[in-house]
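S.K.: One structure follows; several queries about it will come next.
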Amino acid sequence: MSIIGSATLLLPRSRVFDSAVGQQNRSVVPGQPVGGKASKTKATCKTSQVGPTSSVARFRKPARDLRSSVITSAAQSPGSTEGEPDFEAVTRYFGATAFQLAAMSGALWSLDQATSMLAATQGVPAWAPKAVVVAFFAVMSLKSRVFSPLNNSRPTTSSEKAAISERKRPSWMPPPLTFPIVWTTIAVLRTVSSVMIWELSGRTLLVAPILAMMLHLAIGDTWNTINNVEQRLGTAVLGVGMVWASVILVDTLYFQLSTTAVYGSKPERI
């Protein structure tokens, strides 16, 4: 039922109440001149006529409270004061993202050393270093959160169904079963394009384009904590902009080396 319809239903009851109060006051003070009790009657009637407005106001108040709760939940934790930004949480998000990027950079450096040793070792197949790099990017595309200090758990199909029933979603939103298929496809494209960049960079992992991809994965993992684990929906909206901006950075740096490799991250912008 709409707000206008509900207010319309409330309006006749208030008028009946007002008329009843007016008749009662008139019966108590018949023939009284203006002033004294008659003035009280007017005051009573005037006060009672505020009924419809106050009823509509009381009906509309939850909507205002809902909007304000969505706005103030953008950067709050359960222990923060309502309406105040939770700077502790913001610091935690940025710190966790920086830590994850540093850990990934360390893994890239270690892998560079390992692949160089494999390439220089006699008897090791020539494809061995590339196989190691392919496996690394495949793991990063699916499980990059192993480097994050936060809980970056992805939503399950059952939890997505529950969220759809509880939240208002657009009618064109695909069913929950679609997301594992889409993200598996994106993981394959990420792996292929990143391996291409690795080869074009002289088989070196610790380079700017690949670091940009690691940054994008770290930001995405932190966003999963905000949106799926802590369910701070207001902050998650801001986080989507940062995830999208990091994808643009990856595309720009990949495009400078290969116009083909950039197609690996294009689906993430959609």
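Each value in this text was obtained by applying a stated rule to the coordinates, not by laboratory testing. Values in this document were obtained by computation on a predicted structure and should not be read as measured data. Here the Cβ is made from the backbone with ideal geometry for all residues, glycine too, and neighbour counts use every protein chain on show.
S.K.: Using the alpha carbon gyration tensor of the range 87-269, what are the three equivalent-ellipsoid semi-axes (square root of 5 times each eigenvalue), largest first, in whole Å?
M.R.: Computed over the range 87-269, the values are 32, 18, 15 Å.
S.K.: Here is a follow-up. With the crude spin-label approximation of a point 7 Å out along Cα→Cβ, what separation in nm comes out for Val90 versus Arg169?
M.R.: 3.1 nm
S.K.: At a Förster distance of 25 Å, what's the computed FRET efficiency of Phe255 paired with Arg203, Cβ-Cβ distance as r, to 0.05? Mind dumping the intermediate values first?
M.R.: Numbers: r = 20 Å, r/R0 = 0.81.
Here the calculated transfer efficiency is 0.80.
S.K.: Still on this model: Hey, can you rank 112-124, 184-196 by average C-beta count inside 10 Å, highest first? Could the numbers behind the result be given before it?
M.R.: Values: 112-124: 11.9, 184-196: 18.2.
Packing proxy ranking, top to bottom: 184-196, 112-124.
S.K.: Over the Cα atoms of the range 193-239, compute the convex hull volume and normalise it per residue, giving Å³.
M.R.: On the way: hull volume 3.4 nm³, N = 47.
Cα convex hull per residue, to the nearest whole number: 73 Å³.
S.K.: Work out how much length Gln231 to Ser116 would gain on full extension: take 0.36 nm times their residue separation and subtract the Cα-Cα distance, in nm to one decimal.
M.R.: Values: separation 115, 0.36 × 115 = 41.40 nm, distance 4.34 nm.
Length gained between Gln231 and Ser116: 37.1 nm.
S.K.: Ok, one more. If packing is taken as the average count of other Cβ atoms within 10 Å, what order do 144-152, 168-176 fall into, highest mean first?
M.R.: Working: 144-152: 18.6, 168-176: 8.2.
Descending packing order for the listed peptides: 144-152, 168-176.
S.K.: If I model a spin label at Ile181 and Ala135 as a point 7 Å from the Cα along the Cα→Cβ vector, what separation in nanometres do I get?
M.R.: Taking the simple label geometry, Ile181 and Ala135 are separated by 3.1 nm.
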